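I have placed the structure first, in the form of structure tokens, so that the comments after it can refer back to it.
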Amino acid sequence: MGKIPEYTIEKIKDANDIVDVVSAYLPLKKKGANYWARCPFHEEKTASFSVSPSKQIYHCFGCGSGGNVLNFVMEYEKLSFGEALKMLAERVNIPLEFEQVSPGEQSDTGKLRDMHLRAIEIYHETLYSPSGKAALDYLHARGISDDTIKAFRLGYAPETWDFLVSRLSGSFPGELIFKSGLAVRSKKDMRLFDRFRERVMFPVFDERGNPVGFGGRLMNADAKDAKYLNSPETPIYNKRRILYGLNVTREMIRREKKALVVEGYMDFLQLYQHGFVNVVAGSGTAFTSEHARLLRRFADEAVLCYDGDEAGQKAALRTAFSVAAYKLECRVLTLPKEEDPDSYLRKEGAEAFFRLEAEAQPLMEFLREYYRPAGMSIREKSEAISHLLEELRSFPDPVYREMFTREIAKLFRVDESTLLRQINRQSARIPAPEKNTFSGEKPKHFKTQGEAAEYFLLNLMINGKLPVRKAGLRYLSPVLFQHPFLKQVLEALLKVLNNNVSIPAGHIPDKVEDAKCKQFIIQLLMEEQNGIDEEKVFIDSLKQLELQGLRQDYDKLTRELNDAPPAEVPLILKKQMENLEARKKLDIRYNKDIFLEVET
Ligand SMILES: [Zn+2]
């Protein structure tokens, strides 16, 4: 990749509105001047991830991650700078002067994806080679057509120990092959050998069609190994976030606003083949809240099609709550006890399945059927209720949580207010996010008034109007600051503003080298400060700092006075008098004129 001119980078950043880009990944909610969501970079129950449309940056108050639109794409997609830039350029049709990212600059993510693409082709070719015949016969016997096999790039991993490794090692270093999860290391001699052997291979893609891993299925049902083996978590495979098939079915799901959710690859393929093209499957893990969030971007409703046996119904119950928590309408389709979607479709056909789907029960009806509360003992009832309340605790929206709690009270015929009290008591244990509003008062987390003043001044240097920034350049100096870190931030800021005092606030972080300072500046950028009198806060804070310095000087003089030889006493007393005079003059030195002064 050649060097991209700075102005092209700026142009690409400007053309990609951060709210648009981020909302393609997360459901953003407007609150005040900013948009909020639960952070994709750390586990959390309340939204502390915020995006500022005016400053074009994001920041998480929980884990501290933050930056501009490019940083977001790099962090979320795990891409290198060049790759993220390319993706954003394509998004807005700005041509880049380079065609491809050179191998040296490609991130591990890019290399791992290339490696997976290569593996997909190798396994797929093998399926259609003589050594894959048994596997192909098996798929055909299970009713999977060649069209489906080709569309989803199914493959076959033969029994040979280093079948894939030997084919990849010409193009990829061993360390990376190991990292990909496609190979494991022998404990004896550290040699690499294939993770997947003698299995039908299901490539797994993320919702944008990037390959991330594999599921491998044994054909022989009574083999001693697990029937399914999945890729481990790798830098490109986060199982909690991947829904199998979504890359193919997302548009159909978006159109119908409805998704059928199944448990396995085979269920997925069978449904898809029978014309149910708005389907997704979990991949290598139970359905998570992240799956629900992902699905919510495409659908309003989820119909759960799980196995008819007890384990399947139990899984459906869990999934139903994950789905409902994210305000997806949820219905549960119930199959006969011994069937799964795959077997049922093959036996009864599409029409029968279609009828079952139409009859799928809303969540509360499903619960009534599942628990049959009329026949439960008191102990069973109370256990079921506390289990359900536990599930409801994860509902991010308190109103939703309350609505479901009322429904559950009705279902088990227990007193509504008791359950509400119980759930509210439970939910209250989740700590509220720390409030970060700029009010001009001393926030609780500052140790001293001086620290608060330093904080406000930094805030104004970033978010303040131009005359305030200019006054800052003139009157602020690191020696005024006492907090070592805030002092460091001020130094960095002064450097940037000395270069260009009218730089848009959102661009400041890009010019700051130190990572900690940069994070802190981004955090300050996100602070809402509507309606404050910037000039007054600036002056008050500046006076506060000066006063603090003068007081400390005075105390120092008093200590000197105790040990001073008599001849020096008059001089020290004189200095103390001057100190008191200087304090009085602060009001005269710092008034609103300092902003006029610098404007001319
Ligand atoms: Zn976070």
In whole Å, what are the extents of segment 108-237 along the principal axes defined by its C-alpha atoms, from largest to smallest? 39, 37, 24
Per-q log10 I(q)/I(0), segment 201-253, q = 0.20, 0.23, 0.26, 0.27 Å⁻¹ (Debye; single scatterer per alpha-carbon; no solvent): -0.72, -0.85, -0.97, -1.00
Label-point gap, in nm, between THR418 and ASN498 - each point 7 angstrom along Cα→Cβ: 7.1
For helix 6-15, report the angle its Cα long axis makes with the longest principal axis of the Cα atoms of the chain; keep it between 0 and 90° and round to the nearest 10°. 70
List the residues whose amide H sits under 5 Å from the amide H of ARG199, counting only those 5 or more places along or on another chain, with H placed 1.01 Å from N in the peptide plane. ALA157
Report, to two decimal places, the Cα Rg of segment 246-302 normalised by 2.2 N^0.38 Å (N = number of residues). 1.02
Consider just the alpha-carbon atoms of the chain and return their Rg together with their Dmax, both in angstrom. 31.3, 109
If you wrap segment 329-425's Cα atoms in a convex hull and average its projection over all directions, what's the area in nm²? 7.6
How large is the direction-averaged shadow of the alpha-carbon convex hull of segment 25-177, in nm²? 13.9
Within the chain, percent of DSSP bridges classed antiparallel, to nearest 5: 75
Among the listed pairs LYS495/LYS585; LYS78/LYS465; LYS227/LYS337; LYS447/LYS584; LYS86/LYS111, those beyond 24 Å (Cα-Cα): LYS495/LYS585; LYS78/LYS465; LYS447/LYS584
ASP553 versus LEU466: modelled label distance in nm, points set 7 Å from Cα along the beta carbon direction: 3.4
Quick one: which residues, 5 or more positions from ASP162 or on another chain, have an amide H under 5 Å from its amide H? H modelled 1.01 Å from N in the peptide plane, none for Pro or chain starts. ASP194
Please list 3J(HN,Hα) in residue order for segment 209-214, calculated via the Karplus relation 6.51 cos²θ - 1.76 cosθ + 1.60 where θ = phi - 60°; whole Hz, with x for glycine and proline. x, 7, x, 10, x, 9
Crossing angle, helix 378-392 versus the chain [Cα axis fit, 0-90 degrees, rounded to tens]: 60
Assuming R0 = 60 Å, what is the FRET efficiency of ALA134 and ARG406, from their Cβ-Cβ distance, to the nearest 0.05? 0.60
Dividing the alpha-carbon Rg of segment 372-427 by 2.2 N^0.38 Å yields what? 1.06
Where the Cα atoms of segment 477-600 are projected onto their three principal axes, how long is each span, largest first, in whole Å? 58, 33, 25
What base-10 log of the normalised intensity I(q)/I(0) is obtained for segment 6-91 from the Debye formula, alpha carbons as equal point scatterers, at q = 0.11, 0.16 Å⁻¹? -0.27, -0.57
How long are the three semi-axes of the equivalent ellipsoid for segment 104-144, computed from the Cα gyration tensor as the root of 5 times each eigenvalue, in whole Å, largest first? 31, 10, 5
What longest region of the chain stays clear of GluC sites (Glu not before Pro) that DSSP places outside H, G, I, E and B and that have at most 13 other Cβ atoms within 10 Å? 160-337
In percent, how large is the relative contact order of the chain, given Cα pairs closer than 8 Å and 6 or more residues apart? 9
The chain: angle of helix 246-256 to the longest principal axis, Cα-based, in degrees nearest 10: 90
SER145 to ARG91: FRET efficiency via 1/(1 + (r/R0)^6), r the Cβ-Cβ distance, R0 35 Å, to the nearest 0.05? 0.50
For ILE57, what residues show an amide H to amide H distance below 5 Å, using hydrogens built from the backbone and excluding near sequence neighbours? SER52
Can you tell me the equivalent ellipsoid semi-axes for segment 241-370? Use √(5λ) from the Cα gyration tensor, largest first, whole Å. 19, 17, 13
FRET efficiency estimate (nearest 0.05) - Cβ-Cβ, VAL569 to TYR76, R0 51 angstrom: 0.15
Hydrodynamic radius (Kirkwood) for segment 519-580, which is based on Cα pairs only, to one decimal in Å: 14.7
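None of the figures in this text is laboratory data; all of them are computed from the coordinates on show. Model, not experiment: these values are computed from the prediction. All Cβ positions, glycine included, derive from the backbone under ideal geometry; neighbour counts span all protein chains shown.
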